[in-house]
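Taking it in order: structure first as structure tokens, then the write-up.
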Amino acid sequence: NLEIVGEVRGIAPSERIYATRFLGDVGFMVTFEIIDPLFTFDLSDPTDPQLLGELEVPGYSGYIHPVGDDHLLTIGQDAENMGDFAWFQGLQISVYDVSDLADPILNDMEIIGGRGTGSEALHDHKAFNYFPPKEILAFPIRIYEGGQGGPEFGESVFSGFRIYDVDLSQGYTLRGQVDHDDFYVGDGCHYQWMRRTIFIGDSILTISNAGMKIHALDDLTDPTASIPFPECEGYGYPFPFLDG
């Protein structure tokens, strides 16, 4: 049987929970309705959990990734405040300093594209790939630009992968991006589904439903290998093990 031994009530009434992370004696939660509060908790006494701190920022975070004991990387979406609701806008990546749980700090926030911009990492944390040895973040992305805010999408301008250098105190620096456009010139794949990245030594592999590319991390312009998949199912999973 499951028995409640402790609880915290009255947190962000009417808002939805978008992300949580529990790390030993501490916990983090993101809620959203119009803005994104990041909440921090002391969980050292399960019978008496305590809300310690709160930080309000625009938009929301859908995934929380801890780096060491004092920092969080997050991915979510920016939002346009419409008064009693909000329109999601561009993709949003953030770095938080949580060394003082009572006073979390936003070290950096990068907003990519406009309304319509999205990533599989918003729904599947396996698409969010932070590589600690080189302090690099990679994720798939589809970028829309040119919208005027509100509900209107702009134009799709890029579909592929973005790679960022991460400085936990200063934030993100774009290292480069990789597209798979050449895999989609025929009729085999009608939907560009960017899936996963893998770091191996000084190289990065990017994988879509149509193929795989390998780049040296110091040269994201020209691939060292480009491998189209022989049968692209469009909505299929050429590499099921990526979800295992």
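The values are calculated or read from the model by the stated rules, or taken from the named source; none is laboratory data. All of these numbers come straight from a predicted model, not from anything done at the bench. Here the Cβ positions follow ideal geometry from the backbone for every residue, glycine too, while neighbour counts run over all protein chains shown. With ligands, DNA and RNA removed, areas are computed over all heavy atoms of the protein, side chains included. Shrake-Rupley method; radii C 1.70, N 1.55, O 1.52, S 1.80 Å.
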*Could you check how much of the accessible area of segment 112-214 is carbon and sulfur, as a whole percent, using a 1.4 Å probe?*
46
_Per residue, how large is the accessible surface of segment 1-95? Use a 1.4 angstrom probe and give square angstrom._
52
*For an R0 of 22 angstrom, estimate the FRET efficiency from the Cβ-Cβ distance between residue 22 and residue 169 and round to the nearest 0.05.*
0.30
*Solvent exposure, largest accessible area first (probe 1.4 Å, DNA, RNA and ligands not counted), of 195, 162, 21*: 21, 162, 195
_Virtual spin-label span in nm between residue 134 and residue 11, 7 Å along Cα→Cβ_ = 3.6
*Mind grabbing the base-10 log of I(q)/I(0) for segment 135-190 at q = 0.27 Å⁻¹? Debye formula, identical points on the C-alpha positions, no solvent, two decimal places.*
-1.01
*May I ask you to evaluate 6.51 cos²θ - 1.76 cosθ + 1.60, the Karplus curve with θ = phi - 60°, for each residue of segment 117-134 and list the ³J(HN,Hα) values in order in whole Hz, giving x for glycine and proline?*
5, x, 8, 4, 5, 5, 10, 9, 5, 5, 7, 9, 10, 9, 10, x, x, 10
